[in-house]
Amino acid sequence: MNNSVTNTARLLGAGLRALLVLTLVTGVIYPLVVTGIAQGLFSDQANGSEIRADGKVVGSSLIGQSYDLPLKKGRQTPDPDLKWFQGRPANGLGSNSLNTRYELILSGATNLAADSGAVNGKCPAQPADGTLCAQVLAAKAAVVKDNAVPGYTVTPSQVPADAVTSSGSGLDPAISPAYAELQAHRVAAENGLSVARVEQLVRDHTTGRTLGFIGEPQVNVLQLNIALKDLTARR
């Protein structure tokens, strides 16, 4: 009986010591070491890849933002503010939760197949509502309409894929240089700037492929619009 109690006490003591040691190592020492390394070597990424303007945090380089006009009465979605560069469509988790305002709670893909609404591999002129074809054609028509300004006509064939499709998360912070350049004439007209100056702004904020071969060249929309704001303020 005494041996049994002694053995039980010894096992409980060993288990308690193991619990305390593992808690200290995995719950205190390891997190502190990882946090220290992250803050020392990757401070920007560890703190959310924050973007600052006018001395305050205005967003993250990893998450897109909307640039819209105030919501009009009777409308469910706001119109885009055309003086700013616009990001990719922000479709959320399905047709009942379109993420029109880059809300993190609705992060996700539409889960629509690539041939959703297509007939014989092509989108018909009038695809069924709620299909990918319907979303793409509506987005393309909006891009053509919004970016056609006096002296510059946009055709559907000029509209790049990222202008009419959302990313897998629906929160893509970047657009392709082609989409940014397509918007340059409209942004220049809306802000009273020369097209050449706005196009140079796009080139200045275009980043290449990671390590020279991963991904595609891109333009961070938030950083581009901050630079645009500074440019118009100096004008």
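Out of the residues in the range 123-138 that are in a helix (DSSP H, G or I) and out of contact with any Pro (no Cβ under 6 Å at 6 or more places or on another chain), state the one that is surrounded by the most Cβ atoms within 10 Å (Cβ to Cβ).
In the first step, residues of the range 123-138 are kept if they are in a helix (DSSP H, G or I); the result is 132-138.
Narrowing the set further to residues that are out of contact with any Pro (no Cβ under 6 Å at 6 or more places or on another chain) leaves 132, 135-138.
Numbers: L132: 21, Q135: 23, V136: 21, L137: 19, A138: 14.
Among residues in the range 123-138 that are in a helix (DSSP H, G or I) and out of contact with any Pro (no Cβ under 6 Å at 6 or more places or on another chain), the one surrounded by the most Cβ atoms within 10 Å (Cβ to Cβ) is Q135.
Here is a list: L193, L182. Which entry is closer than 22 Å to V149 by Cα and without any contact (Cβ under 8 Å) to a residue 40 or more places away in the chain?
None of the others qualify; the one that does is L182.
Scan D68, D54 and give me the residue that is under 19 Å from the mean Cα position of the chain (by Cα) and either closer than 30 Å to T232 by Cβ or touching a residue at least 60 places away in the same chain (Cβ under 8 Å) (or both).
So the residue among D68, D54 that is under 19 Å from the mean Cα position of the chain (by Cα) and either closer than 30 Å to T232 by Cβ or touching a residue at least 60 places away in the same chain (Cβ under 8 Å) (or both) is D68.
From the set of residues in the range 74-122 that are at pLDDT 85 or above, part of a loop (DSSP other than H, G, I, E, B) and among the basic types (K, R), which is nearest to A139 (Cα to Cα)?
Only one residue fits best here, namely R88.
Just name the residue that is nearest to Y67 (Cα to Cα) out of those in the range 210-231 that are loosely packed, with under 12 Cβ neighbours inside 10 Å and hydrophobic (A, V, I, L, M, F, W, C).
So, considering only residues that are loosely packed, with under 12 Cβ neighbours inside 10 Å and hydrophobic (A, V, I, L, M, F, W, C), the one nearest to Y67 (Cα to Cα) is I214.
For the range 139-146, state whether one or more residues are free of Cβ contacts under 8 Å to residues at least 60 places away in the same chain, in a loop (DSSP other than H, G, I, E, B) and of a type in the set (D, E, K, R).
Checked against the condition, which is being free of Cβ contacts under 8 Å to residues at least 60 places away in the same chain, in a loop (DSSP other than H, G, I, E, B) and of a type in the set (D, E, K, R), the range 139-146 yields no hits at all.
Take S169 and decide whether it is touching a Ser or Thr at 6+ places or on another chain (Cβ under 9 Å) and of a type in the set (S, T, Y).
yes
Looking at the range 154-182, which of its residues are over 16 Å from the mean Cα position of the chain (by Cα), surrounded by fewer than 13 Cβ atoms within 10 Å (Cβ to Cβ) and either closer than 25 Å to S60 by Cβ or not polar (S, T, N, Q) (or both)?
Matches in the range 154-182: P156 only.
What helices (runs of 4 or more DSSP H), lying completely within the range 1-49, carry at least 3 residues that are within 27 Å of the chain's Cα centre (by Cα)?
Helices (runs of 4 or more DSSP H) meeting the threshold: 30-41, 43-46.
With the checklist (1) of a type outside the set (A, V, I, L, M); (2) surrounded by 15 or more Cβ atoms within 10 Å (Cβ to Cβ); (3) not in a helix (DSSP H, G or I) in hand, flag the one item H185 doesn't pass.
H185 satisfies all of (1) of a type outside the set (A, V, I, L, M); (2) surrounded by 15 or more Cβ atoms within 10 Å (Cβ to Cβ); (3) not in a helix (DSSP H, G or I) except (3).
In the range 56-72, how many are at pLDDT 85 or above, out of contact with any helix residue (DSSP H, G or I) (no Cβ under 6 Å at 6 or more places or on another chain) and either among the polar types (S, T, N, Q) or more than 14 Å from N220 (Cα to Cα) (or both)?
9
I'm trying to understand the selection: among the residues of the range 58-73, which are in contact with a Ser or Thr (Cβ under 8 Å, 6 or more places away or on another chain), under 19 Å from P173 (Cα atoms) and part of a loop (DSSP other than H, G, I, E, B)?
Answer for the range 58-73, where residues must be in contact with a Ser or Thr (Cβ under 8 Å, 6 or more places away or on another chain), under 19 Å from P173 (Cα atoms) and part of a loop (DSSP other than H, G, I, E, B): S61, L62, S66.
Out of D172, D162, I need the residue that is in the same structural domain as G108 (by TED's automatic domain parsing) and part of a loop (DSSP other than H, G, I, E, B). Which one?
Details: D162 fails: part of a loop (DSSP other than H, G, I, E, B).
On inspection, the qualifying residue turns out to be D172.
I'd like to verify a number: residues in the range 188-205 that are surrounded by fewer than 17 Cβ atoms within 10 Å (Cβ to Cβ) and not in a helix (DSSP H, G or I), how many?
Count: 2.
The values are calculated or read from the model by the stated rules, or taken from the named source; none is laboratory data. All figures in this text were calculated on a predicted structure; none of them were measured in a lab. We place every Cβ from the backbone using ideal geometry, glycine too, and count neighbours over all the protein chains shown.
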